[in-house]
1. Is it true that some residue in the stretch 175-182 is modelled with pLDDT of 75 or more and within 18 Å of the chain's Cα centre (by Cα)?
2. Taking the condition of a type in the set (Lys, Arg), out of contact with any strand residue (DSSP E or B) (no Cβ under 7 Å at 6 or more places or on another chain) and surrounded by fewer than 19 Cβ atoms within 10 Å (Cβ to Cβ), does residue 86 pass?
3. With respect to the numbered conditions (1) farther than 13 Å from residue 5 by Cα; (2) out of contact with any helix residue (DSSP H, G or I) (no Cβ under 7 Å at 6 or more places or on another chain); (3) in contact (Cβ under 8 Å) with a residue 12 or more places away in the chain, which one is the sole condition not fulfilled by residue 126?
4. Go through the stretch 1-42 and give me each residue that's of a type in the set (S, T, N, Q) and either modelled with pLDDT under 85 or within 21 Å of residue 70 (Cβ to Cβ) (or both).
5. Specify which of the listed residues (99, 75) is surrounded by fewer than 17 Cβ atoms within 10 Å (Cβ to Cβ), in contact with a Ser or Thr (Cβ under 9 Å, 6 or more places away or on another chain) and closer than 21 Å to residue 5 by Cα.
6. Consider residue 68 against the criteria (1) closer than 22 Å to residue 20 by Cβ; (2) at pLDDT 95 or above; (3) crowded, with 21+ Cβ neighbours inside 10 Å: it satisfies all of them except one. Which criterion is unmet?
7. Does residue 41 meet the test of being under 14 Å from residue 7 (Cα atoms) and of a type in the set (Asp, Glu)?
8. Go through (1) closer than 24 Å to residue 156 by Cβ; (2) in a loop (DSSP other than H, G, I, E, B); (3) touching an Asp or Glu at 6+ places or on another chain (Cβ under 6 Å) for residue 120 and report which single condition fails.
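The values are calculated or read from the model by the stated rules, or taken from the named source; none is laboratory data. Owing to the predicted nature of the structure, the values given are computational and were not obtained by experimental measurement. Cβ: placed from backbone, ideal geometry, glycine included. Neighbour counts: every protein chain shown.
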Amino acid sequence: MNIQFNSLPVIPLRITSKYGPRNIGLKGASTFHRGIDLGRDFSKTETVILAVADGVIANNYWNNTRGWVVIIDHGNFKTLYQHLKKQSLLRKGAKVVDGQIIGLMGASTKTIKGMAMHLHMELIVGSKQINPEPYLRNIIPKEMEVIDLTEKQTRRIVQDEIKRVLEGRGTKVAECFKEAWEKAQVEGCSDGTRPQGYTTRQEVVSMIQRSEK
């Protein structure tokens with residue numbers, strides 16, 4: 001398969017969600033990830049998104065779930081970039097070169113609640129999405145090395161993740177845990193909220209007190 005990336009879509013590259021099956025506990029999020037998610041650059045106020053190879057803008061549109069989307073046709077494959085902060089200035093039919101800025105990272109969506117800022121990227125061959133990670137690793141291995149984050153950056157990532165999960169109040173109990181969850185509520189071991197989310201300290205205290213009674 002003749003696929004060649006010549007630029008990373010985000011620098012530095014930090015993959016926050018890989019391609020394949022997943023359950024992130026967010027209502028509206030896919031259970032099979034057909035792309036990869038990339039985190040933002042904490043050293044800058046805005047994270048730019050770059051074209052991974054030469055091509056032509058095949059589409060530039062809004063979707064209630066995907067948010068602002070750009071698709072680039074590279075000839076024998078396409079790349080898709082979604083959740084942009086705002087609509088890209090590049091219109092359909094515009095030519096782009098590898099490393100060219102095509103937009104800014106954001107968290108645009110109307111259907112996924114509590115989503116943190118990130119870039120969702122897909123690699124499309126024909127009509128099928130395949131894993132883009134191996135092709136990213138092939139071009140600049142040094143960029144893929146583990147990046148040491150400062151304490152401030154680490155705390156920000158944790159805060160974003162906690163906020164994302166706490167806001168995902170619409171999550172449902174997995175079918176295999178439904179019976180145990182219902183029993184826990186009756187016995188006071190759970191207050192019945194956010195089955196796949198974190199528990200606050202005040203909720204823990206409340207649940208302990210109820211279970212003791």
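1. The answer is no, given that none of the residues of the stretch 175-182 is modelled with pLDDT of 75 or more and within 18 Å of the chain's Cα centre (by Cα).
2. Considered against the rule, which asks whether it is of a type in the set (Lys, Arg), out of contact with any strand residue (DSSP E or B) (no Cβ under 7 Å at 6 or more places or on another chain) and surrounded by fewer than 19 Cβ atoms within 10 Å (Cβ to Cβ), residue 86 comes out as no.
3. (3)
4. 4, 6, 7, 16, 17, 23, 30, 31
5. Going through 99, 75 in turn, just one is surrounded by fewer than 17 Cβ atoms within 10 Å (Cβ to Cβ), in contact with a Ser or Thr (Cβ under 9 Å, 6 or more places away or on another chain) and closer than 21 Å to residue 5 by Cα: 99.
6. (1)
7. no
8. Only one criterion in (1) closer than 24 Å to residue 156 by Cβ; (2) in a loop (DSSP other than H, G, I, E, B); (3) touching an Asp or Glu at 6+ places or on another chain (Cβ under 6 Å) is unmet by residue 120, namely (2).
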